[in-house]
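A short write-up of the structure that comes next.
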Amino acid sequence: MPSQRQQFWYTNVNAYNWKKSSKVQLEREHVGKHPLQSSPAHLVKVKSDPFDGIDPLTANLNELDPLTRMVVDQEQITPYSNTNIRSSRDTFEPWSFRKSAILSRFTTQEKLSITTSIYVTESEVRGVSEKVLHRLEQLDLDSGSKQFFGGLSQEEYTHKINQLHQQLTEAWQSDLRVNALKISIQCCKLLGDTSVISFYPSKFVIITDILDKFGQMVYTRLKGKQSDILPPEVAKETCKNWFFKVGSIRELLPRLCIELAILKSYSFINPNPEYSRILIRLLNCMWGIGDPVVAIYLRCYLCRVAMELVPNDRELFMKCFQDLLLLHDQVLDNFRNSPQLAEAKVSMETYMIVLSPAIDWILQCLVHRGEHLSYTLQLVSNVPPFWKSVLLSSVLATFPPSFVAEESLNILDVILSLETNLSEIIRNLGLCLIIVHPQHIHSKEIWPKVWFLIKKLQNRDSYLDCSVVWMEFVVKNFGPDLVNLFIEDIMNHVSLRNIEQYQGKLANVVDKLLTYSSDITQLLRMNKFVKMVSILPVDNAKSVIATFNAKHQNALGDNILISTIMHFACMLHDSVDALTPVDEVKQIGSLINGFILRVNYGRDYERQIQFYDEARGSFTNIDTVLVELIQCVCRLGMEVGYIVGGHHTKRTRGFLSACIAYAFITIPSLENCYTQIQLYHLTSQVAYANQCVSQGDACLKAAINSLNENRNEFDCGEPILIEFVCNLLGTLLAVPDHPKETMLYMLKALMTIQWNSDVVQLRYLALLGAYGQKEYPYKFNLVETNSELYGTAKPFIAEVDLLADNVLKELLSHLKQLSDQRQTKARAKLSLDIFWEIVNWGDISVMTNYALDLWEVSKKGLDPAVINRSTEPLRKKANVKQEYQPLSSKLMITT
């Protein structure tokens, strides 16, 4: 180690010139734009796939969480609420897809009731004849005690039925086949109860699931009996026994349901069963069902079974549909004369909607291969108006959209003659037309008729349901004038007093407008649209700004549009409070920043900074927006400086002062201390680049004071702070000292901060070595540096040497501590770093012994290969300047 002396450091004032002469120099070229800077339009884009390959950390980010996936699946299988499902109507839609839609749509708040029997085991029955007699008695549901459960809610009712489902499974697993059959019969009898008609479609779904389970259990058991060990007659006789049991059921409804449920098992009796003949027989028997609602849903269940057994039997499905046509008088009489419907105050439209799932399924089974389309439509057109409304709604919901589009004018003529169920029919027609390309439909002929029908709707909910669908049609096929007229009519139908009940549907209208408008700016110019978004929850304003940022990539300078989007942005900002999640605040800030980056008034810079000033006053609660505004103002100042070529006039200098003052007074309002010092540093660089030296000094002082005062409050970690300090030192080299301050006063203030790393001390040595050069490697345009102020004057070099000497003493003291702590490797690495600082910036003719001592220390703890590679740069220096030759020769000898 070097011995203690009064002075350790001596600056080599020619070090930079020597380094400069020993390297290949590139010509300097002035550029007006940073090569890595992105255009404003790209600053707000998020790259969905940042790597060409698969990133293990982000590969699953595009997957949906379980709850969101459930919602998406629900929307995909709901023909009543999602228009996207209409695109697949040319293919068959399985019943499993429709079940969830029916269960979610048909609910009730009314009270329900259920009646069940107490089951009797057959363990005490002896003898074959007695056992057969007992089983037949068990099938008689009128015998024995019963349990009645009334006043049940929908959830409780569903729970009771699920209990029956569970009892059915348990009875079957316990070999109590008759009990299982009896439970199935009880479930079938529940289908005959239509007292709560709004819940009937959901009840049908739940109970038919139980019947399907029962039929599958029977089939599986018979399949097990058809093995190589047992003769085929065993399965055949068991199957016959099941059908005989079903045939002994007294009531028509459960007998038909159970036979349909186990009909698949008939193949064990006859290998080539005539399913079509059996289904026709059962279909004819259904005329004995008195309640038309039950009769229609029972035909729906028959078609479900037929699609599994004889999917190609078009005559069966046509006969089933023709039966529907003949049921119109019975349906109408039931609606008019049913005391239950009258007591529940069921409307005509509600009654029709309840029938729609069953009729939709029957029609889909009939025409899913594109057959009988025109013939079926003709049959529907010739039935009475009441029944025509029901059937036409199902036709539009099930027929291929392409066919509906071709026949749209004829269908509209039929609709114009109807008075009931108009909203459902108009809506279903719109769902077909919006997925067909506009050239395939006569939009100009269709819309006037549809507009007439929509305006006839008196119910606001029905009107809005149709408007949600047809708004997409209008946006796709017509210009902004008609769209604006439609929006105005919607707003006239909405009562602001009860706006909460319409917000969901109005939000759907807004979503349609944003999704399908080709020019978002035309939409934002419509006052009614702005009013509609303003009365909705703030999420809709968020959608407007997000859509604008995605669709409008050009610069925005229209004051009307800027004012409109600023209004929505203020809505987002004002929704932020102390309870708002951090991620949501970031999302809102990102959306507002995307809008701010697009505002561009061209060469009207005063108007531009005025906009930034207004934005600062409007978005004070979101730091990310304030940071973006500061960066925009700094970029604006640099742009003005580039235009004048660095030679500012009185006016442009005043403008630059305003930009720097804007940033300087905005930065303290930010919460994050590290962000503050970064922006102070950035603002100082803008100030110096435009000859605003005093303002640049103020920003640097603020950054250094913040580092000093808030040293323990930074949450970014010391390595990041050290990196910032190193960047700050690079700026200090080009900053001149203030005439009224001491030499290097900013560096001295920065050096008072203590760090746990030697990196900063080494950078201090490098900066002080650069300070002592006759010419600095870089400078700000038209701003004098300390080399021009002091040159290599002895007082200045002495001050540099004094500061460097203090830094070197601290480093050597740390070396001693590392030696005492026996940290050999860390000591060797630090020694090598100090050695190179001396070689690069020190007067080697005086400091040779220090360098040799440090070299010896570094050799004891580092890899010899590293040491050998380190001698090569020094050898090259010795070839250029003879001052390095003594040190180089001694190192070569020692190495």
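The values are calculated or read from the model by the stated rules, or taken from the named source; none is laboratory data. Everything numeric in this text was worked out from a predicted model, so none of it was measured. Cβ atoms come from the backbone with ideal geometry, glycine included; neighbour counts cover every protein chain shown. Heavy atoms of the whole protein, side chains included, go into the accessibility calculation; ligands, DNA and RNA do not. Shrake-Rupley method; radii C 1.70, N 1.55, O 1.52, S 1.80 Å.
Details
- Equivalent-ellipsoid semi-axes for the chain (Cα gyration tensor, √(5λ), whole Å, largest first): 84, 38, 23.
- Report note on the peptides 411-421, 707-717: ranked by the mean count of other C-beta atoms within 10 Å, highest first, their order is 411-421, 707-717.
- Highest mean packing comes first when the peptides 319-328, 760-769, 466-475, 369-378 are listed by Cβ atoms within 10 Å, giving 466-475, 760-769, 319-328, 369-378.
- Per residue, the chain exposes 48 Å² of solvent-accessible protein surface, assessed with a 1.4 angstrom probe and all protein chains in place.
- Estimated vicinal HN-Hα couplings, Hz - region 627-642 in sequence order (Karplus 6.51, -1.76, 1.60; Gly, Pro = x): 4, 4, 5, 4, 5, 5, 5, 4, 5, 5, x, 5, 5, 5, x, 5
- Mean-position separation - Cα centroids, region 375-404 and region 745-781, in angstrom: 85
- Extension gain (nm, one decimal) between Val846 and Tyr516, 0.36 nm per residue minus Cα-Cα: 111.0 nm
- Amide H contacts under 5 Å for Leu112: Gly151, Leu152, Ser153, restricted to partners 5 or more places along the chain or on a different chain, H placed in the peptide plane at 1.01 Å from N.
- Take the Cα of Glu445, step 7 Å toward its Cβ, do the same at Asn498, and the gap between the two points is 4.0 nm.
- For region 828-845, backbone nitrogen atoms closer than 15 Å to the point 7 Å from Lys809 Cα along Cα-to-C-beta are found at no residue.
- With 20 Å as the limit, the listed pairs Lys182/Lys240; Lys829/Lys859; Lys99/Lys388; Lys816/Lys860; Lys860/Lys890; Lys748/Lys877 have Lys99/Lys388; Lys748/Lys877 beyond it between alpha carbons.
- Under-5 Å amide H pairs with Ile269, H placed in peptide plane, nonlocal only: none
- Karplus-derived 3J(HN,Hα) values for region 523-534, using 6.51 cos²θ - 1.76 cosθ + 1.60 with θ = phi - 60°, are 5, 6, 7, 8, 4, 5, 5, 4, 5, 4, 5, 5 Hz; glycine and proline are entered as x.
- Stretchable slack from Arg281 to Arg603, in nm (0.36 nm times residue separation minus alpha-carbon distance): 107.4 nm
- Approximate spin-label separation Arg635-Arg875, in nm, with each point projected 7 Å along Cα-to-Cβ: 5.0
- Solvent-accessible area of the chain (1.4 angstrom probe, protein heavy atoms only): carbon and sulfur portion equals 51 percent.
- Near the amide H of Thr11, within less than 5 Å, lie the amide hydrogens of Asp843, all on another chain or at least 5 residues away, with H placed in the peptide plane.
- The simple spin-label model puts a point 7 Å past each Cα toward its Cβ; for Val582 and Ile643 those points are separated by 4.1 nm.
- Ranked by the mean number of other Cβ atoms within 10 Å of their residues, highest first, the peptides 248-254, 776-782, 561-567 come out as 561-567, 248-254, 776-782.
- Rounded tilt (10° steps) of 128-139 against the dominant C-alpha axis of the chain: 70
- Gain on full extension, evaluated as 0.36 nm per residue between Arg822 and Asn781 minus their Cα-Cα distance, stands at 9.8 nm.
- Helix axis angle, 252-261 relative to the chain longest principal axis, alpha carbon, degrees: 50
- Helix-only CD estimate at 222 nm, as mean residue ellipticity for the chain, using -39500 (n - 2.57) per DSSP H run (n ≥ 4): -21000 deg cm²/dmol
- Note that region 815-822 has calculated 3J(HN,Hα) couplings of 4, 5, 4, 5, 5, 5, 7, 6 Hz, one per residue in order, obtained from phi through the Karplus relation 6.51 cos²θ - 1.76 cosθ + 1.60 (θ = phi - 60°); glycine and proline are x.
- Among the trypsin sites (Lys or Arg not before Pro) found in region 797-859, those both in a DSSP coil and sparsely packed, with 12 or fewer other Cβ atoms within 10 Å of their Cβ, are Arg822.
- Between the helical axis of 66-76 and the longest alpha-carbon principal axis of the chain there is an angle of about 50 degrees.
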